[in-house]
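The values are calculated or read from the model by the stated rules, or taken from the named source; none is laboratory data. Fair warning: this is a prediction, and the values are worked out from it, not measured in the lab. Virtual Cβ from ideal backbone geometry, glycine too; neighbours counted across all protein chains shown.
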Amino acid sequence: MPRDPRFDILFEPVKIGPLTAKNRFFQVPHCNGMGHAKPRAHAEMRRVKAEGGWAVVSTEEVEIHPSSDLSPYIEGRLWDDSDVPFLAMMTEAVHRHGALVAIELVHAGMNAANLYSREVSLAPSAIATSANFAPAQARAMSKSDIRAFRTWHRQAALRARRAGFDIVYVYAAHGLSLPMHFLQRRHNHRTDEYGGTLANRARLLRELIEDTKEAVGADCAVAVRFAVDELRGGDGIEASGEGRELVAMLAELPDLWDVNVSDWAHDSRTSRFAPEGYQEEFVRFVKTVTTKPVVGVGRFTSPDAMVSQIRRGVLDFIGAARPSIADPFLPRKIESGDEDDIRECIGCNVCVSGDYTMTPIRCTQNPTMGEEWRKGWHPEKVPPRSGEDDFLIVGAGPAGLECARVLGRRGHTVHLVEAQTELGGRVTREARLPGLAAWARVRDYRLGQLLKLGNVEILRASPVTAEQVLEFGARRVVLATGARWRRDGVGRTHTLPVPGFGREGLLTPDDVMDGRYPAGPTVVFDDDHYYIGGIVAEKLRREGLEVILVTPAERVSAWTVNTLEQHAIQRHLLELGVRIMTNTHMAAFSGDEATLECVYTGRRSGLAAASIVTVTSRESNDELADALAASAQALGAAGIASVVSIGDCLAPSTIAAAVYAGHRYAREFDQPDSVGFRRELPQI
Ligand SMILES: Cc1cc2nc3c(=O)[nH]c(=O)nc-3n(C[C@H](O)[C@H](O)[C@H](O)COP(=O)(O)O)c2cc1C
Ligand code: SF4
């Protein structure tokens, strides 16, 4: 299809210092849990983005010195010359597709606990390290430390140029780097020329920009990433105050401004807490105070929203981290008039959890993310079928939809049957909960793709029995029947049923999603610890109920620390008036009273409660699998070659895991032996 001329402006070239970007799509820095530990996987992931049309592809934060050691987190590393060849793999790969490649040089200062290097952390002033409550303090940098740091930064810029980078970032954002720490009054208590006035606190940033320009500016563009607002009021940098003053002060010094808000949780807000384009109000001033090109972010997936940013003079480049993870081919799809095929980011931040858990990046929408090298998976290409096969997929939730999509793309005949009238399974149900509407994109993208395939038949409102599966006559059967929430209280800390659970009046998240609400004061017991417990509490509170959220964890929705949401969730619930009781087990429920137990002392207390919503764990809908397993002989007689369970009906997990399971089966069912576990081993 030809490109819609409305979007032409997105494909204009833009000059950045001595270089020209071929369009306005800018993949801003994002870590990925591969970094220095898995350089081949990292290079291939970035290459795919370049192939997908991004004009600029950036690294994640890249440590420039052992005193900025972020271990155990896996970021980029450029401590010395030995790191150059690994990063050069990325630049070569990205250059093959005509994209510019950027590196974000980072000294994390007091944010680096230096657990591997055992160096003493550095900061503008003597202060406790901010890394996970590590019991250590950073020392105040002397003038000679500042000189040394400038030398390391300069050397890193020279090495970056040698590795083939086109754009070198000076990083002062997220509260995660030394130049930012110097800017922050709360961290910079110095009384010399690097402390006090904004001009003094900005001195280090200015020097780093000048040093970098002087070192590599003839060939490379020098970018600054700066958080114009920390969203902490007068205690921090504000766009209406020092944020604006700083950009105005250094306006023409760098070749490019990449501006956002801080801290990371504010910058990478989930869709539960912010809509697309949420950073505009903070960054819109930037282009009024500099003539240099400006990059901004805001989970942009709509080409119209992007065009609007450019036309209204807010941004020159559409910066994207998550939209480029969910769909590395986003620019190409707009360019070729296929914008309806964009796999839009749902704003869940599962991608961020890779960094927090120190494992390769995963994405709910894009199951190939992080698997480009290990499995050789491409986000847009699937291998054609090796032979003809006929599939019956039972269940059109995230696993079933993705499995049908990929099998259909491979050219197989697919019958997708769903018991309900609506498709999408848990995704459709959960997307009705407060703040999760964007999650329906998991269903909508796949449905949109399936409707384009002539070889996939979708049957709604069609519950099937084992006998019907046998009669159906498909050669391969895939069960993707999902899971349901347990009623007996078995969860993460209670591995046996809770006395009194399972009785009448006790509800689960499934009941709430089906519109069955409790009456009277309600305890939401969360022993699951991801998002559902908190959201169910929110939902019931919004229905006007008195809600007490009880959890054995130390905080509400504890796992959402890994998606940068925990603070926002707890704050939100408190503001809504949900009572929160942490570190508390559920010992029993009598029908009108819950018996609670302190996780530390075992002391028990009673809590009057008319109802309980139990959010503990789920059990697979495996009845059909069991019935088919019991009919092994009949399967052979019916010509069925295989029956497999995928996703939640095999073992309940995240939506990301369900999509991955569907994708994996569809790619690998016919080549199980050829797909080994490809690893990157240290060379000896
Ligand atoms: C998985 C992930 C890792 C990130 N890592 C970095 C990083 O290393 N350096 C950085 O400056 N920003 C990092 N960010 C922030 C992004 O660059 C970006 O500013 C933010 O996600 C908002 O843009 P988006 O809405 O397009 O995702 C990261 C974001 C994500 C989602
Ligand atoms: S994991 Fe979620 S937030 Fe991250 S890119 Fe994928 S869909 Fe977007």
(message) Name the residue that is surrounded by the most Cβ atoms within 10 Å (Cβ to Cβ), counting only residues in region 412-442 that are outside any strand (DSSP E or B) and of a type in the set (S, T, N, Q).
(response) Thr428
(request) Could you tell me whether region 285-292 includes any residue that is among the aliphatic types (A, V, I, L, M) and more than 16 Å from ligand 2 (Cβ to nearest atom)? (result) yes
(request) Mind telling me which of the residues Ala251, Ala223 ends up being surrounded by fewer than 18 Cβ atoms within 10 Å (Cβ to Cβ), in contact with a strand residue (DSSP E or B) (Cβ under 9 Å, 6 or more places away or on another chain), in contact (Cβ under 8 Å) with a residue 40 or more places away in the chain and at negative phi? (result) Ala251
(message) Step by step: first the residues of region 179-228, then only those that are part of a helix (DSSP H, G or I) and touching a Phe, Trp or Tyr at 6+ places or on another chain (Cβ under 8 Å), then the one that is nearest to Ile64 (Cα to Cα). Which residue is that?
(response) Pro179
(request) Could you grab me the full set of residues in region 324-342 that are part of a loop (DSSP other than H, G, I, E, B) and either within 16 Å of ligand 2 (Cβ to nearest atom) or buried (at least 24 other Cβ atoms within 10 Å of the Cβ) (or both)? (result) Asp327, Pro328, Phe329, Ile342
(message) So Leu246 ticks every box in (1) of a type in the set (A, V, I, L, M); (2) part of a helix (DSSP H, G or I); (3) within 16 Å of ligand 1 (Cβ to nearest atom); (4) within 24 Å of His189 (Cβ to Cβ) but one. Which box is left unticked?
(response) (3)
(message) Would you confirm, using the coordinates I've provided, whether Gly370 is buried (at least 24 other Cβ atoms within 10 Å of the Cβ), closer than 18 Å to Ala43 by Cα and not aromatic (Phe, Trp, Tyr)?
(response) yes
(message) Among the residues of region 349-362, are any closer than 26 Å to Ala625 by Cβ, within 16 Å of ligand 2 (Cβ to nearest atom), part of a loop (DSSP other than H, G, I, E, B) and out of contact with any strand residue (DSSP E or B) (no Cβ under 9 Å at 6 or more places or on another chain)?
(response) yes
(request) From the list Gly313, Gly298, pick out the single residue that is surrounded by fewer than 24 Cβ atoms within 10 Å (Cβ to Cβ) and in a loop (DSSP other than H, G, I, E, B). (result) Gly313
(request) Please go through region 81-121 and pick out each residue that is among the charged types (D, E, K, R) and free of Cβ contacts under 8 Å to residues at least 60 places away in the same chain. (result) Arg96, Arg118, Glu119
(message) Residues that are at negative phi, buried (at least 17 other Cβ atoms within 10 Å of the Cβ), outside any loop (DSSP other than H, G, I, E, B) and modelled with pLDDT of 95 or more: does region 486-496 have at least one?
(response) no
(request) Tell me which residues, restricted to region 314-352, are of a type in the set (Val, Ile, Thr) and more than 13 Å from ligand 1 (Cβ to nearest atom). (result) Val314, Ile334, Ile342
(request) Identify, by number, the condition in (1) closer than 18 Å to Leu178 by Cα; (2) surrounded by 14 or more Cβ atoms within 10 Å (Cβ to Cβ); (3) modelled with pLDDT of 95 or more that Leu87 doesn't meet. (result) (1)
(message) Condition first: surrounded by fewer than 20 Cβ atoms within 10 Å (Cβ to Cβ) and modelled with pLDDT of 95 or more. Now tell me which residues in region 514-535 satisfy that.
(response) Tyr530
(request) Select, from Arg579, Arg664, the only residue that is charged (D, E, K, R), more than 30 Å from Ser82 (Cα to Cα) and either surrounded by 17 or more Cβ atoms within 10 Å (Cβ to Cβ) or touching a helix residue (DSSP H, G or I) at 6+ places or on another chain (Cβ under 8 Å) (or both). (result) Arg664
(request) Any chance you could count how many residues in region 102-149 are among the polar types (S, T, N, Q), closer than 28 Å to Gly319 by Cβ and assigned to a strand (DSSP E or B)? (result) 0
(message) Pro18 - would you say it is within 16 Å of ligand 2 (Cβ to nearest atom) and either modelled with pLDDT of 95 or more or under 16 Å from Gly319 (Cβ atoms) (or both)?
(response) no
(message) Please verify whether Ala321 is crowded, with 18+ Cβ neighbours inside 10 Å, among the small types (Gly, Ala, Ser) and either on the phi > 0 side of the Ramachandran plot or within 16 Å of ligand 2 (Cβ to nearest atom) (or both), treating the condition exactly as stated.
(response) yes
(request) Please state which one of Lys38, Lys49 is out of contact with any Cys (no Cβ under 7 Å at 6 or more places or on another chain), farther than 30 Å from Ser125 by Cα and either of a type in the set (Gly, Ala, Ser) or surrounded by fewer than 24 Cβ atoms within 10 Å (Cβ to Cβ) (or both). (result) Lys38
(message) Show me the strands (runs of 3 or more DSSP E) found entirely inside region 5-47 where at least 2 residues are within 16 Å of ligand 1 (Cβ to nearest atom).
(response) 25-27
(request) Please work out which one of (1) among the hydroxyl-bearing types (Ser, Thr, Tyr); (2) within 16 Å of ligand 2 (Cβ to nearest atom); (3) more than 13 Å from the chain's Cα centre (by Cα) is the condition Thr421 fails and give its number. (result) (2)
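To keep it simple, each residue is scored yes or no on (1) surrounded by 13 or more Cβ atoms within 10 Å (Cβ to Cβ); (2) closer than 21 Å to Ile361 by Cα; (3) β-branched (Val, Ile, Thr).
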{"residue": "Leu624", "(1), (2), (3)": "yes, no, no"}
{"residue": "Ser645", "(1), (2), (3)": "yes, no, no"}
{"residue": "Thr654", "(1), (2), (3)": "yes, yes, yes"}
{"residue": "Ala657", "(1), (2), (3)": "yes, yes, no"}
{"residue": "Phe669", "(1), (2), (3)": "yes, no, no"}
{"residue": "Arg679", "(1), (2), (3)": "no, yes, no"}
{"residue": "Ile684", "(1), (2), (3)": "no, no, yes"}
